[in-house]
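This report refers to the structure that appears directly beneath it.
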Amino acid sequence: MPLMRNESFVTDSYRHLADDEALPASGDMIIPLTRLEEATRHLASSQGKLGIHVPNTVKPASLTPHFNEVALISVAFPAFNDGRGFSIARRLRRNGFTGTLRATGPLIADQYAYAKACGFDEIDLPEGLAARQGADQWKKGASAISLSYQRGYSRPSTILDRRRAAH
């Protein structure tokens, strides 16, 4: 799947592993959450970064003990109109996760600014969607919201903060 990061499509360095696929001796990998304990033990004897793929029903607090073990958390978006992943990202950032946050699924370019504001660093898109919405549309989506009434992960100040500073 094409990977959108910093308003352009980039190559994904992570290998996505299935439930029954053997863990590689080296290289960056994304595993299902159900395999986290197995992969953590495996990492002691291998090289590479570990990422986990979580459903959009996961409780963010349950991932907090694993923040030091994982470099990337991929949050599933089964549909573009299912926004639970945005809430998960926001909570993961509030709980102190500083690694890479990836949204995985059919988000649209109009949601890019919201994804960044919630704390996502990148979006893993289905091939067909990436073909229909090129990098230029994602670039426009990223800058669609310049001011807001709420603080976000990527927007530390609000319209009200700016008004206060002006007076």
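The values are calculated or read from the model by the stated rules, or taken from the named source; none is laboratory data. The model shown is predicted, which means the values in this text are computed figures rather than measured ones. Don't worry about glycine lacking a Cβ; one is built from the backbone with ideal geometry, like all the others, and counts go over all protein chains shown.
Numbers at a glance
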| read-out | value |
| --- | --- |
| Residue list for region 19-50, restricted to those being closer than 21 Å to LEU63 by Cβ, without any contact (Cβ under 8 Å) to a residue 24 or more places away in the chain and of a type in the set (A, V, I, L, M) | LEU23, MET29, ILE31, ALA39, ALA44, LEU50 |
| Residue satisfying all of: in region 25-52; among the charged types (D, E, K, R) and surrounded by fewer than 17 Cβ atoms within 10 Å (Cβ to Cβ); farthest from LEU125 (Cα to Cα) among these | ARG41 |
| Single unsatisfied condition, ALA22 versus (1) surrounded by 13 or more Cβ atoms within 10 Å (Cβ to Cβ); (2) out of contact with any helix residue (DSSP H, G or I) (no Cβ under 9 Å at 6 or more places or on another chain) | (1) |
| Residue among ASP110, ASP82 that alone is charged (D, E, K, R), in a loop (DSSP other than H, G, I, E, B) and over 9 Å from the mean Cα position of the chain (by Cα) | ASP82 |
| Failed condition for LEU33, given (1) modelled with pLDDT of 95 or more; (2) over 30 Å from ALA135 (Cβ atoms); (3) among the aliphatic types (A, V, I, L, M) | (1) |
| Restricting region 113-144 to residues that are in a helix (DSSP H, G or I), within 12 Å of the chain's Cα centre (by Cα) and among the aliphatic types (A, V, I, L, M), the residue that is farthest from HIS53 (Cα to Cα) | ALA117 |
| Positions within region 32-62 being closer than 21 Å to ASP12 by Cβ and part of a helix (DSSP H, G or I), in sequence order | LEU33, ARG35, LEU36, ALA39, HIS42, LEU43 |
| Residues within region 87-114 that are modelled with pLDDT of 90 or more, among the hydrophobic types (A, V, I, L, M, F, W, C) and surrounded by 21 or more Cβ atoms within 10 Å (Cβ to Cβ), tallied | 6 |
| GLU122 vs. criteria exposed (fewer than 15 other Cβ atoms within 10 Å of the Cβ), within 20 Å of TYR14 (Cα to Cα) and either at pLDDT 95 or above or not aromatic (Phe, Trp, Tyr) (or both) | no |
| Filter result for VAL70 (in contact with a helix residue (DSSP H, G or I) (Cβ under 7 Å, 6 or more places away or on another chain), surrounded by 11 or more Cβ atoms within 10 Å (Cβ to Cβ) and among the aliphatic types (A, V, I, L, M)) | no |
